[in-house]
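What follows is calculated from the coordinates using simple rules that are stated; it is not laboratory data. None of the values given here were measured: they were computed from a predicted structure. Here Cβ is always computed from backbone atoms with ideal geometry, including for glycine, and neighbour counts include all displayed protein chains.
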Amino acid sequence: MRRLILPLIFTATLCAAQAPVSTIAPTLVPTPPMGWNSWNHFAGKVTQKDVMDAADALVSSGMRDAGYVYVNIDDTWEGQRDATGMLRANDKFPDMKALGDAIHARGLKFGIYSSPGPRTCANFAASYGYEQKDADLYASWGVDYLKYDLCSFRTLMQAGAADHPTDPDYANQMMIDSYAKMRRALDKTGRPIVLSLCQYGVDDVWKWGASVGGNLWRTTGDIRDSYDSMAKIGFGQPGLAPYAGPGHWNDPDMLEVGNGHMTADEYRTHMSLWAILAAPLLAGNDLSKMTPETESILMNKAVIAVDQDPLGKQGDRVKQDGDLEVWSKPLSGSAVAVGVFNRSKSDASMTLKLSDVSMASASKITDLWTGKPVTAKDGQITATVPMHGVLMLRIEP
């Protein structure tokens, strides 16, 4: 019976998502959001103490001052709904309001997780049918950021498609409407809350995510702490740059830096590529146990500045020769950030021509990982780049 009712619910809302959804959303993240998310390291074991430890570590390590301000709880915080439909947190999170207050007291922002479907990915209660109740609850806790994960909504999409076999767009329109509905619910609370569309790039989300009030949207499946996973995702982003800009960003998923299954060169590639992509920088490691090397990668101010450049342009691939790739990102002041990436399994001599990145000459070139000046000879730079490594440059005209 439920399957027959669902399409009727969404039929009434199909036209609504075509109109502008939010006047609040475009102003929330003028540069890509930075912070920490619990999932990559803690997954379903995360507790309120883990989150508070992360908040304290953001402050004590200097990460907050480097720009990492969001403290985002991912899945498995949810408990049960009471008789009024109000969702309660589970025993791992005894006081969400106090947690939000403590995060804010440290000069940080508070993020949370749900799904437009009936259940979350980990099979906890989600927001389908309770969008306004949940939005009001989040606002009462002081939430600043919502990650909204497609998960079980895909079952509803399949049911909708089956009931409307002559309309091939019906299921995707249901999904679009579900995100627009939560954006409206968030705005109705009066609290400015960032909306992260976590739906893995379904239906070319980059083409419509901003129109439903999304501030960022996942362009890929989930990342794992391996070079192959990171490289497949990161180097798979060509062509998406036109869809990103102040207030709305492509999201290739969270950072794995410091989780232990990549080399330092691979983590520098990860950080460099995400910065050139103007991607959200959401650390996913145990911040209380960072090595100096991990801290140096996550808090490289020059690399962060590339990601956070106020021009708000995403970079793109400009050259590829087998496993050797060059990516560039326009920066304010007519400067350019360049990543010369070696995806091969051995060190490689790589040459960058200034003309490859549309520069006729350069007044200053800086290696962003060493901080040292670099000299171009006859309009080109040649360097040995380690396997799975990167030469990241800032070039000023």
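Key figures
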read-out	value
Estimated vicinal HN-Hα couplings, Hz - region 191-207 in sequence order (Karplus 6.51, -1.76, 1.60; Gly, Pro = x)	9, x, 10, 5, 10, 9, 7, 9, 9, 6, x, 4, 6, 6, 3, 4, 7
Subset of Lys319/Lys353; Lys92/Lys147; Lys345/Lys377 violating a 21 Å alpha-carbon distance limit	Lys345/Lys377
Calculated P(r) of region 316-396 - Cα pairs past 14 Å, %	59 percent
Span per principal axis, largest first, for the Cα atoms of region 2-218 (Å)	58, 38, 30
Rg to Rh quotient for region 140-282, alpha carbon positions, Kirkwood Rh	1.01
Electrostatic dipole magnitude of the chain [Cβ: Lys, Arg +1; Asp, Glu -1; Cα centre; debye, to 20]	480 debye
Burial ranking of peptide ranges 166-178, 360-372, 314-326, 133-145 (average Cβ count within 10 Å, highest at the top)	133-145, 166-178, 314-326, 360-372
Relative contact order (percent, whole number), the chain, Cα cutoff 8 Å, 6+ residue spacing	15 percent
Mean shadow area of region 89-142 over all directions, Cα convex hull, nm²	3.9 nm²
Folded to 0 to 90 degrees: helix 153-163 orientation relative to the chain principal axis, Cα	70 degrees
Burial ordering of Ser127, Ser229, fewest other beta-carbon atoms within 10 Å first	Ser229, Ser127
Rg [Å, one decimal], Dmax [Å, integer] - the chain, C-alpha atoms	21.7, 74
For the chain, calculated [θ]222 nm from helices alone, where every DSSP H run of n ≥ 4 adds -39500 (n - 2.57)	-8500 deg cm²/dmol
Distance from region 267-298 to region 168-222 (C-alpha centre basis), Å	26 Å
Spatially proximal aspartates and glutamates relative to Lys372 (Cα-Cα < 17 Å; intrachain offsets below 8 disregarded)	Glu396
Simple label model, 7 Å out from Cα along Cβ direction - Ala83 to Ala162, nm	3.6 nm
